[in-house]
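To keep things clear, I will list the structure first and then write my remarks on it.
The values are calculated or read from the model by the stated rules, or taken from the named source; none is laboratory data. Every value quoted in this text rests on a predicted model; they were computed, and no experiment measured them. Because the Cβ atoms are built from the backbone with ideal geometry, glycine has one as well, and the counts that use them run over all protein chains shown.
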Amino acid sequence: MKDPHSVIHTIRLTEKATRLGEENNEFVFIVNRKSTKIEIKMAVEKHFGKKVVGVRTLNTDGKARREKRADAGRTNHYKKAIVRLKDGETIELV
């Protein structure tokens, strides 16, 4: 198993992610692009000590950006994981 800190980069705190946490007991993480659902599940269970029921993942392409001149660039690509916890368990987002 990989180290949980190499799998989970950060937790995503947006309005939609907060609503998912309140309504469905789901939390959104930015994870390593090469991580599998099983590795993400084990990393969350080990790092936070909570029981994971399901994991959904999606790869997000970076947005196209323009610099001061006509030079085009992109933001980084990343992978998002939506993790559902067992009923009654939650992660403190402090």
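Restricting segment 24-46 to residues that are surrounded by 14 or more Cβ atoms within 10 Å (Cβ to Cβ) and touching a residue at least 60 places away in the same chain (Cβ under 8 Å) leaves a set whose member that is farthest from residue 90 (Cα to Cα) is 27. Within segment 52-94, being among the polar types (S, T, N, Q) and surrounded by 11 or more Cβ atoms within 10 Å (Cβ to Cβ) holds for 57, 60, 75, 90.
Of all residues in segment 45-94, those being of a type in the set (Val, Ile, Thr), under 14 Å from residue 21 (Cβ atoms) and at pLDDT below 90 number 3. Quick one: is residue 9 at pLDDT below 90 and under 13 Å from the mean Cα position of the chain (by Cα)? Considered against the rule, which asks whether it is at pLDDT below 90 and under 13 Å from the mean Cα position of the chain (by Cα), residue 9 comes out as no. You will find that of 21, 49, the residue that is exposed (fewer than 14 other Cβ atoms within 10 Å of the Cβ) and closer than 14 Å to residue 89 by Cβ is 49 and no other.
Exactly one residue out of 45, 39, 92 is on the phi < 0 side of the Ramachandran plot and under 13 Å from the mean Cα position of the chain (by Cα), and it is 39.
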